[in-house]
Structures are given as structure tokens and as C-alpha cells.
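Every read-out reported here was derived from the displayed coordinates using simple, explicitly stated rules and does not represent laboratory data. Please read these numbers as outputs of a predicted model, since none were measured by experiment. Cβ coordinates were reconstructed from backbone atoms using ideal geometry, including for glycine residues, and neighbour counts include every protein chain displayed.
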Amino acid sequence: MSDTTQTGPIPDKPATGDETGKHGEMLSADGRSLKSSLNRALRRQKLRALMLIAPLLIFVLVTFIAPIADMLFRSVENDIVTNTLPGTVEALDDWDHSVGEAPGEGVYDALYFDLFLAAEAKEHTKLGTRLNYEQTGLSSLFRSSGRGLDDVGDDYLDALEEVDERWGEGDFVYRLMTGTGPSETGFVADRVRVLEKMTSETLPGDVGFAPSEEIRQLLPATTLAYTDFATFTALVEEDVVAEEDPWEAVYVGLIEDLQTADVASYSGPEAEALQAAKAADIPLVPLKQFFADEDGDWLDPNVWATIQTYSPKYTSGYFLNAVDMQLTPDGISMRPENQQIYLKLFKRTMFMSLVITGSCILLGYPVAWLLANLPASRANLLMILVLLPFWTSLLVRTSAWKVMLQQQGVINDVLVWLGLVDDMNRLVMINNQFGTIVAMTHILLPFMILPLYSVMQGIPPTYLRAAKSLGATNWTAFWRVYFPQSVPGIGAGSILVFILSIGYYITPEIVGGTTGTFISNRIAYHISSSLNWGLAAALGSILLAVVLLLYWAYDRIVGIDNVKLG
Amino acid sequence: MALDANSEAFVAFERVQKSYDGETLVVKDLNLSMPKGEFLTMLGPSGSGKTTCLMMLAGFETATHGEIMLDGTPINNIPPHKRGIGMVFQNYALFPHMTVAENLSFPLEVRKIGKSDREAKVKRALDMVQMGEFGGRRPAQLSGGQQQRIALARALVFEPELVLMDEPLGALDKQLREHMQFEITRLAHDLGITTVYVTHDQTEALTMSDRVAVFNDGRIQQLAPPDQLYEEPENSFVAQFIGENNTMEGTIKEITGERTCLVELDGGATIAARPVNVSQPGERTRVSIRPERVEMDRSRLQDGVHLLKAEVLEFVYMGDIFRTRLRVAGNSDFVVKTRNAPDQRRLKKGEVVEIGWLPEDCRALDA
């Protein structure tokens, strides 16, 4: 009891192995807490286990998980609009589409300079393609307008060169734009970042140009256009800025700036030329007018509403599209009846997968029963027959069905020969739902039989005998006693077949025609033909979600632990 | 005469043969008749044909030849579910997806018995096996002994006149098994059910049955009440199979009377024995004597019995008895069991004693 009076932290006896620590914690022989000692001892084991699986883990992460995650991310990713038209998106911020009028001059202004840079970097067609998913016609609008951007600048340059021959020379404009005094290096860095985002590339290196603060204040539009020109020339084309002729956009900016700039008080390099140009009073063509002349659609408020709707970095548009809806400036709405295909395809995929699963159960159950109840030697032979399809290429099996089912095929020939079918009215059994169901049932049948077989093998025959001895007929004994016990096998087989079939691609592609294709065929089309990867990713995500949902529901109802696959 | 006996029998096998492969007979010429209410055990080593007989009776196997009669009617062509025979299986075969009550009401449901009737019968059957509380449980939630009771109740709930049990206690531990042996016999007698019980455990067979049929090699070797089976085995297989037994090979020297003969053992000595299935001098024989019938105290033996010298090889203290292993007439596996009585001497290894027995306890059987 004397121990309790001691208040100091030092114990009166040295800690021994079986001693309990201050807070009632068990201590090991060296005085550390038992828990941390155990952890230390186990860490080595864990590390070794991790090292064993590391190669596969890394392989799977790099080649499987990461690409899938990246792909799925594309279903919401939408930064192409802000990246390609950063200024326009900003200018469009306070435009209200519901007024029903095209935006003001400022938006067209920003659009011109954004589009000019994008056209030089050849990014504007990509944007056109992206926006074309949402509103048809935008692709050609962007492409054709991209071509005409030079014209207005050329006209201005001609007028300027009449005032001063040197306006077309690179070093002259370079001198003018560089000016004197403190320079705007931060601004250049900003524009480099814009270009990097637009081209999705990192652009290291020195631009070799920076406008002075004074000139940027005096000629803001010109500075913007020239900086873009300079960064693109130096970093993408890797030329010397001063030696290259400036872009036409520079002159568009200059004429615009000259309308308001107070050049009289400017005293930097080439100030006189600037004053002379101002004095020439070259008439300004409003850019809204220019775009309207290029293509009347630019005045259409709907075009601008679409751009505005799809300007955020993330969009639900692809997902809405994948369920036959659309994101309009006025909110979410259903697509017109004649454009709705995905819900129908999803439903068809579900329906046909259910039919395939059902026919697999009907065909597989008796076979599995036979397998489980035959003597081992004959069961093995039958098992080989069941597994035989696995040793044949999927393509070969599918093609074989094509041979069997086509109108001049084996089955039709036999039916005609037997006189069951008239030669003129041969049955259409391929390139439709029937063909897909037949071929896929055949291909997926082993996935039903194997789990069923393994479950049935675990049901002792005494149950049936017991039921019969209790007075049940063969059918009652089967239905009340055997069948309920084989349900986990049906569940396992069904979930396997169903999940495999809703994602199936090759077979429906070959034998499905137009009415027998699955959602996966549409996904493949968007991946490889229409290149609308966002939509493909959204469709794929929905499919994945459906599968996971089914899996979850199955786990809740049947229990994944009950699934026996072999 | 035989026909008359069979017509009175409740269950009868008449010249039944069974072959699975068409080459060998698993059951050879089986004749058996059972009166109503009898508890008959089929005992035998595995592969002796006892389970096959049971399955033929239940209808899961068909006899290759011969007739099986139930209550005077041939049942060879009646499917199992119409025979109305209750059956308890080795691993109980309780339906795992049904509760205990559902398991019990299954045979009543298939007989289309009304719901209230059904519930009453299920309750009665559960009470009968003292499992009234467990109707809502699943078989997997019960212990082995409890499952056994339920299996029994299920076989009895539809009130069959004949119940078959296929090694029903094989999976239980010793104590539980002994308890259930008692329960099953009690129930069978109380309800007056005719029972055919298959086991390979001879203790079970001896303690439970009215009669035991010892099977070997597809034939009934002996069909007799337990005491007769133990004390008067008719051949050396039965003698060997039932209980512990000392055997010694020898030759018949002389038949001295209807109930006595002299046997010259291969080890040299001559002893008196009761001839059972030997008839002529010179015949080879195997004499059998139970370990507890061997006497080591001369004073308890009649005069004139043959005495044999025996060397103690091993003395095992087993609590209630002493088990002494001796070398007798060249046989070093001769076992004697003596009661742990206050005056019983504890023998030492290497000691030489004289042993003897009553001639009627020593049976001269086939070699």
C-alpha cells in the first residue's frame, strides 16, 4: 500500500515483462507497449505479403484501374470550352440568354481574340466538335469562322501600311509593343498558361517578349493579341518573335485601341508612327458585324446560350444525354422523341440479358443436375463437353451461329428439306434479337452450369430420399426440397450470366443486326467512330453503376457468401 | 408352413437377391420375417449388405430377385412415397431451408392433412421428443442430439407402422448415443411401431433390439435375440463380431455326447467344448470362449475340467474390471476379464496361472 503514496513518475521497481504500464497498458519485455511490439512484429509479415502482390497490384493499377478511372472522369469533364475560349466565357458571364438577344460587342470582341489564338493552335475545330454534340451546326460554324478571321486584320494592315510602310514589319511592331519602363512579365506568364491549357501541353522556355506597363495601358487589345502571337511564336513554333510578321489579330486590336487611346501623350518607341496611325482615322469594323457577316448564326442567341450552358468545367450534360435528356439553357429536359435512343437501348440490353439469363437457367439446370448425379466417370466426360466451348475462340463460335442461323444456313436448309418451311419464306433468325439471344445463350451457358453444378454437388441425395420416404412424389420432393437448396447456384449463375451479358459486345455486334445490339455496341461506336468519349464514358458509368447496384441487391437478397463458383 | 409364417409376418423378405453390377451379389438369398411391433436390428460390418436391405425395404433400391412383403402385400413395385414407411437417415437429412416445424409438417402437407390437424400433430411429435420449444429453429441452429430427435419426430409424425433407421446415432458422442438408444427403444415400444434398425455398433444392437440379424457377405449369419446371440453364437463370424472373444484353432478329437466333444488345440492341450457346427472327429474347428467366462480361481470350477497353464503378458486396470492378457496354448491374445472384487488378486507380468472354464461356455465352431 506504500506504493500508492508515491507521486513521482519514477516507479520504485524496474519494469519487468509482465508488468502493467502506468495507464493499465500491457508492456512487453523491453518496456514498450505490447500493442506496438505486436504491430512491429506483424509489420514485417505484412510488408512481405505486400511485396508478393505488389507486381500484380501495380500492373492492375496502372493498366486497368487508372485508365478506367480516367475514362469515367471524362463523363463529367468539360473544360474544353473555358480552355479554348477563356475570354469569351468570362465576357458572357453577365449575358442573360432568356432575353433572347445576341450578346453585346464585348463578347464578340473577346471571341475574336480567343478564336484567333485557338485557330492558330488548331484547337477551335475540337471545340466545334464538342459543342456540336449539344447543338448541331456548331462544328461547321467554328470551322468556317476560323478561316475568315484573317480578313479583317488584313484590311486594317493595308490601311496602316498606307500611312507607314513599317506596320507590316515584325521588328517595328516588336519595338512598339515592348516600349520602355517596367514590363508586364506577369501578364505574359498568364497568357502562356492560357495557351498551355488550350493545347494541353506544357510549354517551357522564354517568350523573349514582354510589353511595358505603359503600352498595355494604352493599347490593351493590341497587347493581348501581340502577347498571344509572341508566346505562340516563341514557344510553339520556336521562332524569334521580332523576326516574324505579327498576326492580323494584332492590327484588329490596334485599330480598336486607337479609337479611344490617348496616343498624343505617349513618348515610347515608335510613338510618332502610332500618332500617325491615329490621325489616319482608319474606320473600325465592329466585330459583331464581322461575325454576323461571316455566319449569320453568330447572331443566334441559341448558339450563345449553348456556349454559356457548357462553359463550366464540369457538366452533367453527358450523363443527361446518356439517358435521353439534355441540358438546355433553361434547365434539364427530355430530348425530342426521335432523338431518344439510349433509354431504349438500356431497356433492350436489360430485357435481352434477362431473357438470356432465363434461357441459360432453363437449359443449364437439367445439365447441371445430370452432371451432379451421374457417376464420376461419365460426369467427367459430360463436363468436358460443357467446357468445350471455352476452348474455342469466341469469334469462331459466334461466326458458327451465323452459318447456322442465316437464311441460306444449315437450320433453314434442314427445315426446308423437311418441308416445315417454304423455300420462299425462310426464317429470319440472324441479325435480330433472336440471333443474339441464341448465340449468347450458347456462349454464356457454361457460366450458368458451373456454379449450378458446384451447388448441386453439395446437396446430398439423401434429402430427396428423405422427402420421398416422407411421402412426397418425385416432383414434390424436387420442388420443395431439392430446388430451394439449389437456389444459391441459380443466383450465382444468374448474376454471372447477367453481368456478363449486359456488357457483351462482340456477339451482338456480329449477329445482332440493328435490333439486337446492346448498349455496349453504342459505347464502342462513341469510342471509336463518333469520338464522343464523354458520352461513351457516361454510358459506361451508368452501365457500371447498374451492375454494381445489381450486385449490391443480390448481396442483400441472396448473400454473396452463398455464391459458389466452383 | 413357411407361407403361413410369412402371412403372419408384418415385414417379410423372401429369397431376396440384389446385384448392382450384374456380376456380384450384394445380398444373397435373404429370408427374414418380422412380426408387428418388433424392434429388429441389422448388424454387420460395412459392405455386408445391411443398408442395401434397408434401402430395398424403403423402396430406394429394387430387389434383383425375390419378394418383399409388407403386411401381406408385395411392395416391390410400389414407389417409396406410397409405402408409408418412416425413415431416419444417417445424417438426419433434415431439410436445411425449412424450420423444425416445417420439416415435421412436410410429410403431413404432402398427405394433404388440414392445417389445424397438422399443427396439432407437429406439436405432439415435438413434445414426444422433448423438443416442443424448438419448432421455429432451423436445423443448423440445433446440436447433433437435437437434430437426431427432430429426425426421429419427423419419421414418426405421420404415424407410420414401420420405421427404418439407418445408423441414426453414428454421428453422436458416446454419452448422447447411449441416451438416445434408450429414448428410441422407449418410443418404439410405447408407440408399438415395428422398427428396422441398421447399425455397425454391436453394443447398440444388443441393448436396443428384440432380435438382431447379423449380416456378413450378403447373408444373415444369425438371427436371434441379443442374449442368445452373445452367448450362443452359431458360427465363428458371429462369435468374433459380437463382443470380445477368445478363439483357438484345433481339431475335433472325439464327439463325446450331444453336447460335449473333445478338441485338441494346435498348441497341444486338449479341452472339452460344446459342439455347435461340427459333427465329426478330425474336423478343423475354432473354439470360442468369452473373456468373462474364463475362471482363474480353481475353487470355483467343477472337478474334472480341463485346466490350462497360462503366462500373464499384460495386466490392465480398467476400473470396474481387470483385463489380463495371457499366453495360452500358443495363443498370446487370450484375454481374461475379472471383476474388480475385494478378493480378486492383481496379477503380475510373467506370473504363471492355471485357467479353466465350464465346457458349455466353450463353443466349438466352424474353422
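Descriptive notes on the structure:
- Percent RCO, i.e. relative contact order, over region B:212-327, from Cα pairs under 8 Å lying at least 6 residues apart: 17 percent
- Of the trypsin sites (Lys or Arg not before Pro) found in region B:36-115, the ones in coil according to DSSP and having at most 16 other Cβ atoms within 10 Å of their Cβ are B:Lys36, B:Arg111, B:Lys112.
- Cβ-derived FRET efficiency at R0 56 Å, A:Tyr525 paired with A:Glu243, nearest 0.05: 0.70
- Formal net charge of residues neighbouring A:Leu354 (Cβ-Cβ distance under 14 Å; K, R +1; D, E -1): +2
- Ellipsoid equivalent to the protein assembly as shown - semi-axes via the Cα gyration tensor, in Å: 100, 40, 24
- Here's the list of lysines a cross-link from B:Lys121 could span, going by alpha-carbon distance under 21 Å and ignoring same-chain residues fewer than 8 apart: A:Lys468, B:Lys82, B:Lys112.
- With a 10 Å cut-off around each Cβ of A:480-490, the average count of Cβ atoms from other chains is 2.
- All Cα pairs of region A:88-132, percent lying beyond 17 Å: 43 percent
- With a 10 Å cut-off around each Cβ of B:156-167, the average count of Cβ atoms from other chains is 1.
- Compared with the alpha-carbon gap, the fully stretched path from A:Ser399 to A:Gln259 is longer by 43.2 nm at 0.36 nm per residue.
- Rel. contact order, % - alpha carbon contacts under 8 angstrom, at least six apart, region B:2-236: 27 percent
- Peptide B:85-93, shielding by other chains (average Cβ, 10 Å cutoff): 4
- Modelled FRET efficiency - R0 30 Å, B:Asn31 with A:Asn380, Cβ distances, 0.05 increments: 0.15
- Positive end of the dipole of the protein assembly as shown (Cβ unit charges, origin at the Cα centre): among A:Leu127, B:Gly145, A:Pro269, the Cα lying farthest that way belongs to B:Gly145.
- The convex hull around the C-alpha trace of region B:137-239, projected and averaged over every direction, spans 7.5 square nanometres.
- Additional length obtainable on full extension of the chain from A:Phe187 to A:Asp30, 0.36 nm per residue less Cα span: 50.2 nm
- Chain B - mean residue ellipticity at 222 nm from DSSP helices (-39,500 (n - 2.57) per run, n ≥ 4, rounded to 500): -7000 deg cm²/dmol
- Percent RCO, i.e. relative contact order, over chain A, from Cα pairs under 8 Å lying at least 6 residues apart: 14 percent
- Whether region B:246-366 is rounded, prolate or oblate, judged on the alpha carbon gyration tensor where a/c under 1.5 counts as rounded: prolate
- Global geometry of region A:342-562, whether rounded, prolate or oblate, following the gyration tensor of its Cα atoms and the 1.5 cut on a/c: oblate
- The residue among B:Thr207, B:Ser19, B:Val110 whose Cα reaches farthest toward the positive pole of the charge dipole of region B:2-236, with charges on the beta-carbon of Lys, Arg, Asp and Glu, is B:Val110.
- D_trans [Stokes-Einstein, Kirkwood Rh over alpha-carbon pairs] for region A:462-566, 37 °C, 0.692 mPa s, µm² s⁻¹: 196 µm²/s
- Longest DSSP-loop-exposure-free segment, trypsin sites (Lys or Arg not before Pro), chain A, at most 16 other Cβ within 10 Å: A:314-566
- Full-stretch length increase - B:Gln240, B:Lys174 - with 0.36 nm per residue and alpha-carbon distance subtracted: 21.5 nm
- By the compact-protein rule of thumb, 2.2 N^0.38 Å, the alpha-carbon radius of gyration of chain B corresponds to a ratio of 1.18.
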